[in-house]
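Engineer: My questions will all concern the structure given below.
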Amino acid sequence: MGYLIEMVDENFRMSNMTENTSKKVVKALFNFLDSDPRLFHWVKRDKVRDLTLEELFGVFGWRIERTGNLLHSLEFLGDKMASYKTFFEVLAPFVSYGSYIEMRGEDGKMWRWIFNGTECEEIKPKIIWERPLKPERGK
């Protein structure tokens with residue numbers, strides 16, 4: 001079955017994605033895949049070796065747009081949780097500072113993967129209601 005998730009919001013950027021840098025990211029992704037065959041087991045490694053970085057995002061269940069050397073406008077195409085945080089940890093050194101991806105699970109739990117230019121961290125929100133109820137009159 002799996003845990004259902006959806007992307008709620010994003011501000012995800014990978015800048016300076018020249019052809020050479022994109023190849024470094026692809027290599028990092030394959031090193032990640034090769035480190036544990038159980039990770040993203042549905043990815044047929046031999047079939048995706050020659051894909052572009054944008055095409056690889058698709059294999060992992062995401063869509064991203066390219067404008068020149070900028071990758072942006074991330075979209076989640078899947079519906080179930082996988083090792084996505086680990087996937088983004090591999091990408092983190094190439095992701096622009098201040099980028100984030102906000103997700104929500106089927107049980108209403110929310111989290112963000114935030115990027116500081118070198119690492120990806122998962123954070124949970126603190127929900128604060130703006131206005132509490134006023135006490136009943138006479139009490």
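Engineer: Please tell me if residue 56 is part of a helix (DSSP H, G or I) and under 19 Å from the mean Cα position of the chain (by Cα). Outline the logic, then answer.
Structural biologist: Values: part of a helix (DSSP H, G or I): yes; under 19 Å from the mean Cα position of the chain (by Cα): yes.
Spelling it out, residue 56 is indeed part of a helix (DSSP H, G or I) and under 19 Å from the mean Cα position of the chain (by Cα).
Engineer: Ok, one more. Scan segment 32-60 residue by residue and report those that are surrounded by fewer than 17 Cβ atoms within 10 Å (Cβ to Cβ), over 28 Å from residue 106 (Cα atoms) and either in contact (Cβ under 8 Å) with a residue 24 or more places away in the chain or β-branched (Val, Ile, Thr) (or both).
Structural biologist: Scanning segment 32-60 gives 51, 52.
Engineer: Restricting to segment 1-53, what's the tally of residues that are under 15 Å from the mean Cα position of the chain (by Cα) and of a type in the set (D, E, K, R)?
Structural biologist: Of the residues in segment 1-53, 4 are under 15 Å from the mean Cα position of the chain (by Cα) and of a type in the set (D, E, K, R).
Engineer: From the list 81, 7, which residue is modelled with pLDDT under 95, closer than 30 Å to residue 125 by Cα and either among the polar types (S, T, N, Q) or in contact with a strand residue (DSSP E or B) (Cβ under 7 Å, 6 or more places away or on another chain) (or both)? Let's see the steps before the verdict.
Structural biologist: Values: 7 fails: modelled with pLDDT under 95.
The conditions single out 81.
Engineer: Identify, by number, the condition in (1) closer than 13 Å to residue 14 by Cα; (2) surrounded by 14 or more Cβ atoms within 10 Å (Cβ to Cβ) that residue 85 doesn't meet.
Structural biologist: The one condition residue 85 does not meet is (1).
The values are calculated or read from the model by the stated rules, or taken from the named source; none is laboratory data. For clarity, every value in this text was computed on a predicted model and none was experimentally measured. All Cβ positions, glycine included, derive from the backbone under ideal geometry; neighbour counts span all protein chains shown.
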